[in-house]
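A quick write-up on the structure given underneath.
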Amino acid sequence: MEETAIKYKGETQASKQEVVVDIEHLSKSFGSKEVLKDISLKIKRGENVVVLGKSGEGKSVTIQCIVGLLTPDSGTVKVFGEEVAEMSNEELKELRTKVGFLFQSGALYDSMTVRENMEFPLTRVLKMKDQAEIDKRVEEVLDAVGLLEAIDKMPSDLSGGMRKRAGLARTMIVRPEIMLYDEPTTGLDPITSREISELILQVQKKYKTTSIIITHDMDCAKITADRVVIMDDGEYIAEGSFDELKNSKDKLVRSFFNEAA
Amino acid sequence: MAEQAIPGYKRWLEGIGEQGVFFSQFFRNIFKGGFEWSEFVRQCYEIGYKSFMLVGLTSFIMGLVLILQLRPSMVDMGAESMLPKTLAVSFIREMGPVITAIICAGKIASSIGAELGSMKVTEQIDAMEVSGANPTQYLVVTRILAVTLMVPILTLMGDVIGLFGGFLALNFTDEISFKLYFNKCIASLEFIDFLPAFVKTFFFGFAIGFVGCYKGFHSDKGTESVGLAANSAVVTASLWIFVIDAIAVQITSLLYYR
């Protein structure tokens with residue numbers, strides 16, 4: 001983000017808001033491959049930030065560091081002001097109830113029905129016991145993603161788009177404050193991709209979450225982003241609104257938008 | 001040569017360390033609150049009930065075949081009447097537990113390895129972890145404890161069915177009543193024949209469950225690794241069964257048959 005960096009247009013106003021995710025000088029390598037090279041990013045409460053980049057560039061590694069699935073080689077990742085790498089197991093567990101993670105595949109538990117998938121975090125994480133309350137919450141969240149009719153189906157009976165919706169519902173059911181989406185539209189047809197992107201936006205409005213969306217889908221970025229960060233070769237090379245970046249004079253930044261066009 | 005040997009040695013030590021950590025996580029989670037009883041019962045059903053036919057059939061055939069193989073030699077020695085005793089002692093002490101454990105290693109360790117490996121590949125274990133749930137408590141503790149409990153029960157049933165197979169084989173050639181046969185079997189057994197053999201089946205069960213879970217949990221992220229996890233679970237669990245058996249026999253011999 002040196003010469004090509006574009007300032008976020010709401011920077012002055014947004015800077016007054018609480019920073020919920022603060023990444024500073026984060027680096028991560030796997031063997032000899034350096035996938036994240038000294039990246040820094042601040043996410044403010046209520047923002048929808050899209051991280052755009054080519055596949056295999058390490059975009060997902062950033063959000064895996066946010067939930068403590070991976071430990072940074074250097075740099076810090078702070079969520080709600082607390083450094084993730086220094087958290088105890090109990091603190092990490094507590095953090096994970098506030099940060100939802102939607103996996104690329106949906107990651108539904110395939111030995112359970114959709115209903116059981118929804119109930120799992122309620123009974124295991126929130127320790128809810130009242131079955132009537134559990135049923136109400138399951139039905140409400142499935143209704144929000146339009147999957148109420150599939151409540152007793154097994155994940156293997158669902159289409160790709162339905163699996164993503166169910167995965168989103170399972171993540172949202174604990175009402176997290178931050179949502180991390182790992183390639184939410186990958187492997188879907190354009191119509192279903194658009195539906196999922198619009199659903200992300202609806203869910204964000206309904207539950208008032210902060211979102212980080214990792215994607216290489218330009219339509220998804222256009223629909224969901226308040227702010228876009230472009231990643232190339234392990235570095236964040238540009239940052240701004242979708243339209244600002246689309247009209248950027250930088251060749252590399254423009255190439256992302258031209259490829260999609 | 002020395003340079004090549006070091007990474008292999010390091011990897012081996014890392015593996016031992018990982019298994020130690022995995023064991024301590026398993027052990028700590030047994031006593032943590034919120035034991036997953038419903039999943040434990042489901043695993044007992046999956047592991048125990050669904051393995052019963054296979055263990056029963058194998059034990060039956062082994063009992064039958066052992067008698068058919070032993071009979072000519074025993075007849076030559078004029079020790080035909082010793083056939084029930086020979087079968088009972090060999091089956092209860094050694095054949096029953098080891099055959100049951102090997103069958104379970106093939107069926108259960110591979111299925112646990114493949115199931116958890118596939119959950120790992122499809123990010124279900126990661127999803128469980130990032131949701132704040134405890135995958136070790138839900139997936140590992142329940143499976144290891146269920147196998148540790150079900151293998152001894154399957155062995156007991158396998159022992160009885162194996163002896164019954166021996167009775168049928170003996171009845172093909174010699175006339176012996178069901179009551180006399182089982183009286184001879186039971187009279188030939190002492191408590192010391194039964195106890196160490198029964199105790200070691202708990203260790204067999206633990207080894208099968210632990211290896212299956214460890215291999216599945218630590219499989220790489222790729223479809224090929226699911227097959228590798230299942231395969232490696234069977235091979236390692238089978239090997240551990242023989243190692244545990246050798247140690248158990250040594251301890252039993254030292255304590256009781258000096």
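Bear in mind that the values in this text are calculations on the coordinates, not laboratory data. Quantities reported herein were computed from a predicted structural model and do not represent experimental measurements. Cβ coordinates were reconstructed from backbone atoms using ideal geometry, including for glycine residues, and neighbour counts include every protein chain displayed.
To the nearest ten degrees, helix A:89-98 and the longest principal axis of the Cα atoms of chain A are 90 degrees apart.
The packing ranking, built from the mean of other Cβ atoms within 10 Å per residue, places the peptides B:227-235, B:122-130, A:182-190 in the order B:122-130, B:227-235, A:182-190, highest first. Computed from backbone phi, the HN-Hα couplings of the stretch B:79-94 come to 10, 4, 5, 8, 4, x, 5, 4, 5, 4, 5, 5, 6, 6, 6, 10 Hz, rounded to whole numbers (Karplus: 6.51 cos²θ - 1.76 cosθ + 1.60, θ = phi - 60°; Gly and Pro given as x). Report note on the peptides B:153-165, A:146-158: ranked by the mean count of other C-beta atoms within 10 Å, highest first, their order is B:153-165, A:146-158.
If you restrict to DSSP beta bridges whose two residues both lie in chain A, what percentage is antiparallel, to the nearest 5? So the antiparallel bridges amount to about 50 percent of the total. Relative to the longest principal axis of the Cα atoms of chain A, the long axis of helix A:114-124 makes an angle of roughly 80 degrees.
Which ordering of B:PHE172, B:PHE91, B:PHE22 is given by a fewest-first count of other beta-carbon atoms within 10 Å?
Numbers: B:PHE172 10, B:PHE91 26, B:PHE22 17.
Placing the least packed residue first, the sequence is B:PHE172, B:PHE22, B:PHE91.
For the stretch B:37-256, lysine pairs separated by 8 or more sequence positions, or belonging to different chains, with Cα-Cα distances below 12 Å total 4.
Determine the percent antiparallel among the DSSP beta bridges restricted to the protein assembly as shown, to the nearest 5. The partial results should precede the final answer.
Values: 20 of 39 bridges.
Taking every DSSP beta bridge with both residues in the protein assembly as shown, the antiparallel ones total about 50 percent.
Label separation (A:SER111 vs A:LYS136): 3.2 nm, computed from points 7 Å beyond Cα along the C-beta direction. For the protein assembly as shown, the spread of Cα positions along the three principal axes, ordered from largest to smallest, is 101, 63, 40 Å.
Can you tell me how the stretch A:38-113 classifies by the Cα gyration tensor, rounded, prolate or oblate, using a/c under 1.5 as the rounded cut? Judged from the Cα gyration tensor, the stretch A:38-113 comes out oblate (a/c at least 1.5, b/c at or above a/b). Here the stretch B:175-203 and the stretch A:114-190 have alpha carbon centers that stand 54 Å from each other.
Could you please rank B:CYS185, B:CYS44, B:CYS104, placing first whichever residue has the fewest other Cβ atoms within 10 Å of its Cβ? Don't skip to the answer; put the middle values down first.
Numbers: B:CYS185 22, B:CYS44 17, B:CYS104 31.
The most exposed by this proxy come first: B:CYS44, B:CYS185, B:CYS104.
Amide H contacts of A:VAL20 (H built 1.01 Å from N, in plane; Pro and chain starts excluded): A:ILE43, A:LYS44, A:ARG45 sit under 5 Å, all sequence-distant by 5 or more or on other chains.
Under 1.5 on a/c is rounded, so check that first for the stretch A:141-189, then, if it is not, pick prolate when a/b is larger than b/c and oblate when it is not; a ≥ b ≥ c are the square roots of the alpha carbon gyration tensor eigenvalues. Oblate shape, in that a/c is at least 1.5 and b/c is the bigger or equal ratio.
With Rh defined as the Kirkwood radius, the inverse of the mean 1/r over Cα pairs, the Rg/Rh of chain B is 1.07. Close amide-amide hydrogen proximity is noted between A:VAL35 and A:LYS28, A:SER29, A:PHE30, each under 5 Å apart and 5 or more residues distant or on a separate chain (H modeled in the peptide plane; Pro and chain starts excluded).
For the stretch A:205-219, the Karplus equation 6.51 cos²θ - 1.76 cosθ + 1.60, evaluated at θ = phi - 60°, returns couplings of 6, 5, 9, 6, 9, 9, 10, 10, 10, 8, 7, 10, 8, 5, 4 Hz by residue, with Gly and Pro reported as x.
Order by neighbour count: A:HIS25, A:HIS216, fewest other Cβ atoms within 10 Å first, most last. Mind showing how you got there, number by number?
Details: A:HIS25 13, A:HIS216 20.
With the fewest neighbours first, A:HIS25, A:HIS216 line up as A:HIS25, A:HIS216.
Just the number, please: Stokes-Einstein D of the stretch A:11-260 in µm²/s, Kirkwood Rh from C-alpha pairs, 25 °C, 0.890 mPa s. Working shown, then result.
Values: Rh = 18.7 Å.
Diffusion coefficient, whole number: 131 µm²/s.
The phi-based Karplus calculation (6.51 cos²θ - 1.76 cosθ + 1.60; θ = phi - 60°) puts the 3J(HN,Hα) values of the stretch A:56-64 at x, 9, x, 4, 5, 4, 4, 6, 5 Hz, whole numbers, x for Gly and Pro.
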